[in-house]
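Written out below as structure tokens is the structure these notes cover.
Read the figures in this text as sums done on the coordinates, not as results from a lab. All of these numbers come straight from a predicted model, not from anything done at the bench. Cβ atoms come from the backbone with ideal geometry, glycine included; neighbour counts cover every protein chain shown.
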Amino acid sequence: MKEKLYKKEITLTIVFSVLLLLVGHSASIFVLFPGLQQGTLWGFPVQYIIPILLGWFGVAAVSLVMTIMCNKFDDEMEEYVSLLPPETETETQTEKIYE
Amino acid sequence: MPAEYALSNVWIGLGIVFILFVIFYGVGFMASRKTSSDEDFYAAGFSIGPVTNGLGMAATWASLATFLGVIALILKLQVPFVYLWIQWAISIPLLTLLYGTSLRRMKAFTPATFIKQRYGKPATIVIVCWMILIMIMYALGQMIGLGRAFELLFGVPYNTAIIVAGVATVGFITIGGMYGATYNAAFQMVVMTIAMVVPMGAIMKIMGSSGWWFPPLAYGDMVPEMIKNIPTFFDMKYDFRWYFALIPAFTLGPIALPHLAMKVFTSSSVKSARWAVVWFALFLGLLFSGTYVVGFAGNFFTATTGNVIAKADQTLLILNVFYNPTLVAAFVMGGAVAAGLSTIGGNLMAIAGLVGADLLGIIAPDMETSKKMKWGYAALLTGGAVAIIMAFRPPKFLVTSILWAFGLLATTATPAILLGVWWKEANKLALIVSSLFCGFLFILISPHVIPSICVGKGLVAALGMSGGMVTIPLSFAMFIILSIVFNRISLLKAYAPTLVDKKVIDRIHGWGTDYEETRYNGITSPLIISAICLAIFFWGLQPWT
């Protein structure tokens with residue numbers, strides 16, 4: 001169980017870091033592949049409007065999915081922690097500073 | 001600036017700013033009644049809900065530069081600067097994902113609270129000093145901008161404007177603490193967004209755009225005319241390395257900004273912090289898209305009317321004075337003032353937290369909470385006073401570029417936080433050595449100290465992008481490699497992470513009392529990251545065109 005949770009935490013962090021970097025730095029893709037700098041959307045060149053849209057709605061969408069999945073992961077983690085054996089006195093003292 | 005671009009009636013401007021300050025002080029006074037502990041003062045009692053926090057985060061991040069500096073740079077550099085600005089929207093989401101929720105779980109006041117627990121006192125002093133330097137640079141830049149905005153609005157001399165604006169600003173921030181800073185920032189974000197977006201609708205209508213009903217995204221019908229007048233406007237202009245260099249300096253730098261992290265920490269829970277990020281992305285995207293349309297309209301204005309905007313940072317005001325009634329133009333300046341105030345509020349709260357909570361926690365760990373809070377007030381007031389005094393005759397080095405400071409922060413503090421949260425092997429001495437060495441190296445190879453040994457040239461060097469592409473990966477690689485080496489030298493055993501240090505990592509990730517030595521403790525992945533960092537370091541050293 002805990003190994004699965006650990007892997008899930010690392011996977012979520014890597015996947016959402018990469019997704020955020022992609023939506024925030026999508027202009028780089030147009031520089032890397034100049035062939036994509038063709039056509040228009042809503043009257044704008046695609047290499048202008050796509051990064052703006054991804055930098056706004058793309059970041060919001062990734063953040064939304066990230067929030068839902070990470071909050072669900074927290075629930076699973078809390079469920080796992082609640083099944084742990086009772087703490088010793090020393091551990092309880094240390095625990096006080098954390099939620 | 002030609003006289004026809006000045007605000008025709010200063011009393012209207014004065015009235016708008018006076019009303020805004022009355023509201024800010026009112027919020028500050030109400031907030032002061034809720035502040036009774038250090039948790040209230042530094043973290044708003046860990047009680048802020050997602051919508052208010054999302055607005056507050058966006059306001060704190062969107063500084064006076066959103067209204068003045070960035071528009072000037074879009075006018076000068078055109079579309080590449082839009083790309084530079086876009087990527088800042090991922091700063092707080094990344095911060096929250098990579099360490100914000102973990103540090104919220106331990107109820108940290110600032111990132112340095114974690115540094116102290118994870119690395120001990122000497123390393124904390126190093127990181128706190130870097131952060132305070134950067135916060136002062138940041139607050140100083142805002143204070144100068146605020147003084148210039150007041151000078152422009154009321155026609156008073158700059159020094160008078162600095163005193164009036166500075167004292168009035170520091171006053172309401174000191175009164176309200178983090179509660180006041182947060183609620184005021186949320187209100188300021190609303191003012192800023194309306195001031196940026198709504199008047200642009202009227203301007204676009206006069207300019208002939210059918211998309212005046214939604215300025216941020218509906219000005220596509222102006223594009224053919226723009227390309228006819230400025231054929232290069234949408235050119236990407238720079239090579240791939242220029243765009244890649246945005247990541248180390250401008251993505252990794254801001255995620256360590258203490259005033260942004262503190263906003264995440266004020267959330268009512270870890271889950272609430274994540275929801276706040278969603279609201280942040282929506283609110284900030286709207287404001288930033290407003291900024292891009294002003295930059296576009298400024299270029300369009302100069303190209304199609306033949307008018308010259310001599311002071312590019314006043315583009316927004318000039319467009320409003322030219323096309324809109326005085327009352328609207330004055331409200332737009334009120335929005336710019338609100339943008340400056342929200343960021344100064346965040347900067348000063350960060351200085352207060354770093355000095356009053358973190359440094360004082362080292363010097364006098366047994367001090368009573370009430371006394372700590374008083375020191376926090378004193379630190380906030382002193383930070384504000386220092387920014388005001390320095391703004392009279394600002395040291396050139398400190399105001400050259402706030403953006404340059406992001407590279408310094410990414411070099412000195414980001415590796416400490418990220419590796420501290422995600423890697424148990426991170427060594428205390430390795431942090432001190434890599435942070436100090438790479439931090440001073442970043443300063444040295446910038447064009448601001450010894451221009452003859454600068455990495456890169458022109459804007460890319462002045463903004464710290466070329467320097468950052470050298471020192472930021474070097475700092476990560478050095479920290480990792482030195483940690484692995486130092487942890488295996490018995491003479492340096494005192495600096496190796498202890499079991500207590502390692503337990504901190506498991507706990508902030510939510511594992512409670514379940515400690516596992518092998519968790520967050522690999523060697524292979526950090527070594528791969530080091531190899532990638534060293535490759536980027538050598539890429540950064542290649543001549544910049």
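One table, with the values for the structure above:
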read-out: Shielding by other protein chains, B:76-86, mean Cβ within 10 Å; value: 4
read-out: Cα lying deepest toward the dipole's positive end in the protein assembly as shown, options B:Val433, A:Trp42, B:Thr60, charges on Cβ; value: B:Val433
read-out: Under the Karplus curve 6.51 cos²θ - 1.76 cosθ + 1.60, θ = phi - 60°, whole-Hz ³J(HN,Hα) for region A:13-27, x wherever Gly or Pro sits; value: 5, 5, 4, 6, 4, 5, 4, 5, 5, 5, 6, x, 10, 5, 4
read-out: Peptide-level mean, for B:89-101, of C-beta atoms on other protein chains within 10 Å; value: 5
read-out: Separation of alpha-carbon centers, region A:41-90 and region B:278-295, rounded to whole Å; value: 20 Å
read-out: Between region B:38-63 and region B:413-453, the alpha-carbon center distance in angstrom; value: 29 Å
read-out: Computed magnitude of the charge dipole of region B:401-545 (debye, nearest 20; Cβ of K, R +1, Cβ of D, E -1); value: 180 debye
read-out: Normalised alpha carbon radius of gyration of chain B [divisor 2.2 N^0.38 Å]; value: 0.96
read-out: Alpha-carbon centroids, region B:504-537 and region B:344-388: separation in whole Å; value: 32 Å
read-out: Chain A: most fluctuating residue of A:Pro51, A:Pro85, A:Pro34 per GNM, C-alpha cutoff 10 Å; value: A:Pro85
read-out: B:Leu541-B:Asp239 pseudo-label distance in nm [points 7 Å out on the Cα-to-Cβ vector]; value: 1.7 nm
read-out: Within chain B, helix-based [θ] at 222 nm, where runs of 4 or more DSSP H residues each add -39,500 (n - 2.57), nearest 500; value: -22500 deg cm²/dmol
read-out: Ranked by how many other beta carbons lie within 10 Å on average, peptides B:309-322, A:4-17 from highest; value: B:309-322, A:4-17
read-out: With 10 Å bins from 0: P(r) over region A:2-76, alpha-carbon pairs, percent; value: 18, 38, 24, 15, 5, 0
read-out: Burial ranking of peptide ranges B:343-351, B:510-518 (average Cβ count within 10 Å, highest at the top); value: B:343-351, B:510-518
read-out: Shielding of A:67-75 by partner chains, average beta-carbon count, 10 Å; value: 4
read-out: At R0 = 35 Å, FRET efficiency that the Cβ-Cβ distance of A:Ser82 and B:Leu499 yields, to 0.05; value: 0.90
